[in-house]
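The values are calculated or read from the model by the stated rules, or taken from the named source; none is laboratory data. Source: prediction; values computed, not measured. With ideal geometry, Cβ positions are generated from the backbone for all residues, glycine too; neighbour counts draw on all protein chains shown. Ligands, DNA and RNA are stripped out before the accessible areas are found, and what is left, the full protein with its side chains, is counted by its heavy atoms. Shrake-Rupley method; radii C 1.70, N 1.55, O 1.52, S 1.80 Å.
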Amino acid sequence: MNIRDKYGIEENLNWFSLQPVKPLQTLSQWFLAGIFAAGILLALLGEMLSEVMRYSIAALLVYGVFHSLYDIMIRAKIRYTFDVRTNAIYRKIPFFTEKKIMKLDQAVIFVSSYMGSWHYSLGAKKSHFVKSYFISENFSSGKKSEQKELEYEEHILVKIHKLIDAVQPLA
């Protein structure tokens, strides 16, 4: 799968749009399949467990189903659009209208890390430590992750920086 499909990239000279969490959609689908397999096992082998244990496991499985469906149907389809014409960055969440989240000339991209992995985040210059947006998948150490990081930087991050730089003289 090429990076354009992986991140759902759409672009022209004046704007660039991507779905940063889309690569995790496949992982969520596999997780959902595993939950269904665990549910079948629970139904078949449930007599071996106590009633409290069966209900506890069933509750966790139901939570996992809803969380996976949320990831697949909503979170993976969140789209960020960087628009030079309007000097704005928009976020589109399924079932909601597109919302302007900040001015393009106020945007800063930085690295956020969490528990051994890291990702690129987007925030406003004056408040990026308070409110930021996830604009890449998580990266970690290892050759495969380094290759994904390099591909992201070359095909996505460069274009975003070019759009931010294009509006800087206008400010």
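Would you report the distance distribution of C-alpha pairs in the chain as whole percents per 5 angstrom bin, up to the bin with the largest distance?
So the P(r) values, bin by bin, are 1, 8, 14, 17, 16, 13, 9, 7, 6, 4, 2, 1, 1, 0.
Which pairs, out of LYS6/LYS103; LYS6/LYS126; LYS103/LYS143; LYS100/LYS143; LYS77/LYS125; LYS6/LYS92, put more than 29 Å between their alpha-carbon atoms?
LYS6/LYS126; LYS103/LYS143; LYS100/LYS143
Report the Cα-based extents of segment 4-66 along its three principal axes, largest first, to the nearest Å.
Principal extents (Cα only, largest first): 62, 15, 8 Å.
Under 14 Å Cα to Cα from LYS22, which aspartates and glutamates show up? Leave out anything in the same chain fewer than 8 places away.
ASP5, GLU10, ASP71, GLU137
Give me P(r) over segment 1-40, computed from all C-alpha to C-alpha distances, binned every 5 Å, as integer percentages.
Whole-percent P(r) values from 0 Å outward: 6, 21, 18, 15, 12, 10, 8, 4, 3, 1, 0.
Extension gain PHE134-ARG4, at 0.36 nm per residue separation less the Cα-Cα distance, in nm?
Computed gain between PHE134 and ARG4 is 45.0 nm.
Ignoring ligands, DNA and RNA, what percent of the 1.4 Å accessible area of segment 1-92 is carbon and sulfur?
68
Using only Cα atoms, tell me the angle between helix 51-73 and the longest principal axis of the chain; keep it within 0 to 90° and round to the nearest 10.
30
Put a dot 7 Å past each Cα toward the Cβ at ASN12 and SER56; how far apart are the dots in nm?
5.8
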